[in-house]
Amino acid sequence: PGTLGAARRRVLKRHRSPRWRGRRHHSLLTKSSAVTDGGGGGGSHTVHPPVWKSGGKTYITRTTKLSPTTSFQLTELQVCRICSGTVLNGTAVGQFCSESAGRIDGRCCWRNDTATDSERIIGLDLSNCSLTHVDDLQEASTAVIMDLSLNPIINMSDTAFQGFRKLNRMVLPQDTVCPGGNTSWEKMEVKEGNRFCEGQINMCNQTGHMSINCPENSLCAPFGPGFFECSCADRHHGYKCLREGQFPALQVFGPLAASTLVMSFLLWVTQRRKAKSL
């Protein structure tokens, strides 16, 4: 048995995979957003990463070379590859992208953000993508315009556009209601078989306070169609912004740090005694 085990170990060692050297590659598996029956598409044909489906969802696998300057913004590009095709110049997103001096990549329009010195999505065109459910498009939360027309949408989640503060225009199928309802948009109309939602309404009043829904000592800010968020005003914190003044960091973390040091010292002493006895 000993000889047989040694021979088996030699065989396994001989067939062990060699260690990778030189360039390293990383397979990035990212769940695509808001697609259950993905496919279809209009516009010119482009080559995209391999796509596979499981459990009613579409997944995209991409391989990219890692380097010290690799940008993790690649995960955001997956929303631009939900279906084949690219943004066409004659579409609403295409025209907006051209007027904004943006860059088209797949189904997205990108523009450089001067404030953060990085690119962000300002337009998303998912028209004619055979979408039946719209659940999560957070990768494009900076979009100003979005086109979901020519899709057999059955269900659109109420929170699908939560956080889309800059979204100002949407093109939807005629039978699909604008996110947030009538009170969330300045203008809504049905034209040429599509529903247009324009001018997202700020759910807070002009002063930024919303006493009915936000607690006292807090500020209200828009958070997408039909949504708002409450944040504590200056010098207020805690539950419902009821505490005033700076957060007592020293009083909270001081005793915690002291107790941690004492416990560490006691453990070190006890372990050292055991080591000496051995």
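The values are calculated or read from the model by the stated rules, or taken from the named source; none is laboratory data. Since the model is a prediction, treat every value here as computed from it, not as a measurement. Cβ sites come from the backbone with ideal geometry, for glycine too, and all protein chains shown count toward neighbours. What goes into the accessible areas is simple: the full protein's heavy atoms, side chains included, and nothing from ligands, DNA or RNA. Shrake-Rupley method; radii C 1.70, N 1.55, O 1.52, S 1.80 Å.
For this structure, a couple of remarks:
- Here Lys240 is the anchor, and the aspartates and glutamates within straight C-alpha reach of less than 12 Å, apart from those fewer than 8 places off in the same chain, are Glu216.
- In plain terms, the chain from Leu242 to Glu192 could stretch by 12.8 nm, reckoned as 0.36 nm per residue minus the Cα-Cα distance.
- Neighbourhood net charge (15 Å Cβ-Cβ; Lys/Arg +1, Asp/Glu -1) for Cys178: -2
- Cα-Cα separations in region 143-226 greater than 15 Å, expressed as whole percent: 59
- Packing-based order for 131-142, 106-117, using average beta carbon neighbours within 10 Å, highest first: 131-142, 106-117
- Accessible area of region 78-201 divided out per residue, in Å², using a probe of 1.4 angstrom: 44
- Region 78-201, dipole about Cα centre (Lys/Arg Cβ +1, Asp/Glu Cβ -1), debye to the nearest 20: 120
- Net charge contributed by nearby residues that have their C-beta within less than 10 Å of Arg111 (K/R +1, D/E -1): 0
- Order by protection proxy (mean Cβ within 10 Å, highest first), peptides 220-229, 256-265: 220-229, 256-265
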